[in-house]
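The values are calculated or read from the model by the stated rules, or taken from the named source; none is laboratory data. On a predicted model such as this, the values are computed, not experimentally measured, just so you know. Cβ atoms come from the backbone with ideal geometry, glycine included; neighbour counts cover every protein chain shown.
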Amino acid sequence: MHNRVSEQRNGAIDANPTNESIVTTSLADEIAFRLQAAIIDGRFPPNTHLRQEEICLQFNVSRTPVREALRKLQAQNLVLMTPNKGATVRVPSRDEVREIYVMRAELEGLACELAAEAQIPEASFRDLEEAQSMVGRATADLEHRPADLEHGYYYLPLIRANDRFHDVILVLAGNRRLHSTINELQTAFAKDLVWRAMRSLSENRTFVIGEHETVLAALRRHDGRQARKAMQEHISHAGDVLLAYLDEQEFWQR
């Protein structure tokens with residue numbers, strides 16, 4: 001990325017301690033990820049007014065990526081955008097988050113079953129295996145830099161690789177309405193926090209590599225029942241980890 005979020009030392013937003021470029025999908029993604037972390041960590045409590053001009057100064061960027069970042073947070077139900085008033089931090093209830101993961105587990109399990117029972121072309125399996133290779137490389141990179149893991153934006157390459165794996169399966173399911181509904185649920189809360197919520201790199205590896213391999217093996221066998229079960233368990237695991245983490249952070253008491 002040619003434009004990079006500048007280092008801040010006022011405590012509002014995490015700095016980039018190594019002063020390295022951060023590989024992200026866009027500048028807005030990086031800003032959204034850091035604002036997301038600040039909200040989850042309590043640095044921006046509920047009802048805090050997020051002023052665009054202050055965020056622009058903190059990150060040394062124009063208004064365009066800041067507006068896009070705030071729209072991303074609105075889609076995750078962490079920000080409420082009001083005409084003529086701007087962005088305000090909101091905290092969804094625990095029940096809202098739990099319900100999202102209950103629905104995701106069922107629907108993504110169904111999508112995986114449909115994909116397994118379809119005539120999957122070999123090129124799609126190569127796509128899945130390449131996505132899984134990307135997951136492995138991103139996980140290995142994190143394991144070689146444990147001191148950086150408290151700065152959540154280092155997870156972004158892993159997040160992109162994981163999203164690619166799941167997106168290939170949704171396409172293979174061949175149901176556009178199901179695909180769009182799952183996409184809506186995936187953006188209904190900050191699902192990428194799961195990576196920060198993992199208690200160890202070992203748990204992270206089991207979650208993103210071991211469980212993906214179980215799903216991929218069922219797809220290879222065209223075993224719809226097992227593919228559905230494996231995906232349901234994978235998404236439920238993510239929800240359990242995330243809720244436990246937010247409980248520990250006392251996220252719901254703010």
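Numbers below:
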{"read-out": "Meets criteria (touching a residue at least 24 places away in the same chain (Cβ under 8 Å) and under 25 Å from residue 27 (Cα atoms)) for residue 69", "value": "yes"}
{"read-out": "Test: residue in region 29-46 that is farther than 24 Å from residue 186 by Cα, at pLDDT below 90 and not β-branched (Val, Ile, Thr)", "value": "yes"}
{"read-out": "Candidates 204, 162 - the one that is under 16 Å from the mean Cα position of the chain (by Cα), in the same structural domain as residue 130 (by TED's automatic domain parsing) and at pLDDT 90 or above", "value": "162"}
{"read-out": "When residues of region 80-111 are limited to those that are in contact with a Pro (Cβ under 9 Å, 6 or more places away or on another chain) and without any contact (Cβ under 8 Å) to a residue 60 or more places away in the chain, the one surrounded by the most Cβ atoms within 10 Å (Cβ to Cβ)", "value": "89"}
